[in-house]
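The values are calculated or read from the model by the stated rules, or taken from the named source; none is laboratory data. Here the structure is a predicted model, which is why all the values come from computation and not from measurement. Neighbour counts are summed over all protein chains in view; Cβ atoms, including those assigned to glycine, are modelled from backbone coordinates with ideal geometry.
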Amino acid sequence: MQTGYLTEETLNIEPALLQLLMEVRLIVDPAYDANMYLVMSGTSVLIDTGTGLQSEECVKLLSEFIDPKDIDRIILTHRHIDHVGGAKALSEACDATLYASEDEAPSLRSGDQATTAARMFGKNLDKLDVESIGYGNAIEIGAEELRVIHTPGHTKGSISLYEEGTKSLLCGDTVFAYGGVGRWDFPTGNLQELVESVKGLTEIPIENLYPGHGPAVKGNAHKHIQASYRSLKVYRLV
């Protein structure tokens, strides 16, 4: 769920293929859906799960890279149905534990149909058995760590995951390539919080960007994030 795209011509920066020391693989639901990322570095985690409309097919796609049973954790960047709708099916298929931030987990546990936007899009969200992740925590993946950054604005408890060695950010729907930013007009969204979150991301050395929709970026991702921050000036809050 996104808004505010600039064009490739505006930034004159090429989108990138996914290939890092910490290996990140894009898993795309055959239906129009959120991006899912398989992150591998000794151990493996899955970031987000799509709407769940094609979960069986997603398991097949995961199987092209890894035995799904080797995925022990699934991390949800925020509560929206297009990112969590497949969580129950994929966690069962992988026998993996679900994690979300401390502000998102209660709504997922209760099967909240309103703030997850499930009702809005005519979907049903199962109650999920979700463990909470604290802001600032580090998630170990083999020898690497994903640092949990609280980036509210799209939702109250949205998180981004930063890996320092490769300067990579998995950011859910906070920012997108070419200056895009996440919507703030759904329940628990807040424009001023989004402004502050994006400003904070401009202060981190980020080279590779893995957003929840659209293309990933390898190299110079900080320029895309700076463009996202500039795009918010339209709303006269920066």
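Does V45 qualify as being over 17 Å from the mean Cα position of the chain (by Cα), within 16 Å of R73 (Cα to Cα) and modelled with pLDDT of 60 or more? So V45 does not fit the description; no.
Listed here are the residues, each with its yes/no results for (1) modelled with pLDDT of 95 or more; (2) under 13 Å from the mean Cα position of the chain (by Cα); (3) among the aromatic types (F, W, Y); (4) more than 25 Å from A114 (Cβ to Cβ).
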position	(1), (2), (3), (4)
E140	no, no, no, yes
I149	yes, yes, no, yes
S160	yes, yes, no, no
L170	yes, yes, no, yes
G179	yes, no, no, yes
G182	yes, yes, no, no
N190	yes, no, no, no
Y210	yes, yes, yes, yes
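Filtering segment 185-224 to residues that are under 19 Å from D48 (Cβ atoms) and among the β-branched types (V, I, T) leaves T188, I206, V217.
Each row is one residue, and each column tells you yes or no for (1) of a type outside the set (A, V, I, L, M); (2) crowded, with 18+ Cβ neighbours inside 10 Å.
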{"residue": "G122", "(1), (2)": "yes, no"}
{"residue": "K127", "(1), (2)": "yes, no"}
{"residue": "E140", "(1), (2)": "yes, no"}
{"residue": "I149", "(1), (2)": "no, yes"}
{"residue": "T155", "(1), (2)": "yes, yes"}
{"residue": "I159", "(1), (2)": "no, yes"}
{"residue": "G165", "(1), (2)": "yes, no"}
{"residue": "D173", "(1), (2)": "yes, yes"}
{"residue": "V181", "(1), (2)": "no, yes"}
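Across segment 201-217, what is the total count of residues that are closer than 24 Å to D82 by Cβ and not in a loop (DSSP other than H, G, I, E, B)?
Taking segment 201-217 first, the residues closer than 24 Å to D82 by Cβ are 201, 206, 208-217.
Applying the additional criterion that residues be not in a loop (DSSP other than H, G, I, E, B) yields 201, 208-211, 217.
Qualifying residue count, segment 201-217: 6.
Looking only at residues of segment 41-84 that are among the hydrophobic types (A, V, I, L, M, F, W, C) and over 25 Å from H150 (Cβ atoms), we find that the one that is surrounded by the most Cβ atoms within 10 Å (Cβ to Cβ) is C58. Taking each residue of segment 180-196 that is without any contact (Cβ under 8 Å) to a residue 60 or more places away in the chain and farther than 14 Å from H150 by Cβ and looking for partners that are aromatic (F, W, Y) and surrounded by 16 or more Cβ atoms within 10 Å (Cβ to Cβ) with beta-carbon atoms closer than 9 Å, six or more apart or interchain, yields L191/W184; Q192/W184; V195/Y229.
Having 3 or more residues that are under 24 Å from E23 (Cβ atoms) is the bar; report the helices (runs of 4 or more DSSP H) wholly within segment 35-144 that clear it. Give the steps one after another, and end with the answer.
Numbers: elements: 55-63, 81-84, 87-94, 105-110.
Once the helices (runs of 4 or more DSSP H) in segment 35-144 are filtered for at least 3 residues that are under 24 Å from E23 (Cβ atoms), what remains is 55-63, 87-94.
Exactly one residue out of T166, T155, T202, T188 is on the phi > 0 side of the Ramachandran plot and of a type in the set (S, T, Y), and it is T188.
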